[in-house]
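**Student:** Below you will find the structure I want to go over with you.
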Amino acid sequence: MYGNTAHNIYAQNNVGIESPAKLIEMLYEGVLRFNAQAKKAIKDANVEKRVYWINRSTAVITELISSLDMEQGDISLYLEGLYNYQIQLLTEANQENSIEKLDECSNVFKVLLEAWRETTNVA
């Protein structure tokens, strides 16, 4: 129990010192990681883990939506719509036990992550 608490404190402190650009990259990576876990859970017929990992991905995407600066214009509106569609896909993937919908969401986040890295030059 103590080890887990120590890890959580370390993770919180580490996130606190990251740049905003790095944090977005980490959120994109999180969605990809959680979707991969959800896909594994579907293959393993583990409903509890499928729901858990899809909920984690959804929470990250919700955080991405809340971090949008709507004063930036069309790009923020586009991303908000795109993120909301990804949440819809994850919801459907959860309801339908659909690897295809999980993959569709993951493919979008792979492209977003690549584009983010190119535009922010985050190593």
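The values are calculated or read from the model by the stated rules, or taken from the named source; none is laboratory data. Just so it is clear, the structure is predicted and the values come from calculations on it, not from any experiment. Counting neighbours? That spans all protein chains shown, and the Cβs are built from the backbone with ideal geometry, glycine included.
**Student:** Taking the conditions exactly as written (without any contact (Cβ under 8 Å) to a residue 12 or more places away in the chain and surrounded by 12 or more Cβ atoms within 10 Å (Cβ to Cβ)), does residue 29 satisfy them or not? Break it down stepwise before answering.
**Tutor:** On the way: without any contact (Cβ under 8 Å) to a residue 12 or more places away in the chain: no; surrounded by 12 or more Cβ atoms within 10 Å (Cβ to Cβ): yes.
Spelling it out, it is not the case that residue 29 is without any contact (Cβ under 8 Å) to a residue 12 or more places away in the chain and surrounded by 12 or more Cβ atoms within 10 Å (Cβ to Cβ).
**Student:** Another one. Would you tally the residues in region 84-111 being over 14 Å from residue 52 (Cα atoms), crowded, with 17+ Cβ neighbours inside 10 Å and small (Gly, Ala, Ser)?
**Tutor:** 1
**Student:** What pairs come out if I take residues in region 75-86 that are of a type in the set (Phe, Trp, Tyr) and pair them with residues that are surrounded by 14 or more Cβ atoms within 10 Å (Cβ to Cβ) whose C-beta lies under 9 Å away, six or more apart or interchain?
**Tutor:** Short answer, once both residue conditions are applied: 83/61; 83/64; 83/65; 83/68; 85/105; 85/108.
**Student:** Can you spot a residue in region 71-79 that is modelled with pLDDT of 95 or more, crowded, with 16+ Cβ neighbours inside 10 Å and in contact with a helix residue (DSSP H, G or I) (Cβ under 7 Å, 6 or more places away or on another chain)?
**Tutor:** no
**Student:** Still on this structure: Give the residue that is nearest to residue 23 (Cα to Cα), with candidates limited to residues of region 105-123 that are charged (D, E, K, R) and more than 13 Å from the chain's Cα centre (by Cα).
**Tutor:** Our first condition is that a residue be charged (D, E, K, R); within region 105-123, this holds for 110, 114, 117-118.
Now narrow it down to the ones that are more than 13 Å from the chain's Cα centre (by Cα): 114, 117-118.
On the way: 114: 14, 117: 12, 118: 15 Å.
The qualifying residue nearest to residue 23 (Cα to Cα) is 117.
**Student:** Give the residues of region 31-87 that are under 13 Å from the mean Cα position of the chain (by Cα) and of a type in the set (A, V, I, L, M), sorted by residue number.
**Tutor:** 31, 32, 36, 38, 54, 59, 60, 61, 64, 65, 82, 87
**Student:** Of everything in region 62-115 that's touching a Lys or Arg at 6+ places or on another chain (Cβ under 8 Å) and charged (D, E, K, R), which residue is farthest from residue 29 (Cα to Cα)?
**Tutor:** Result: 92.
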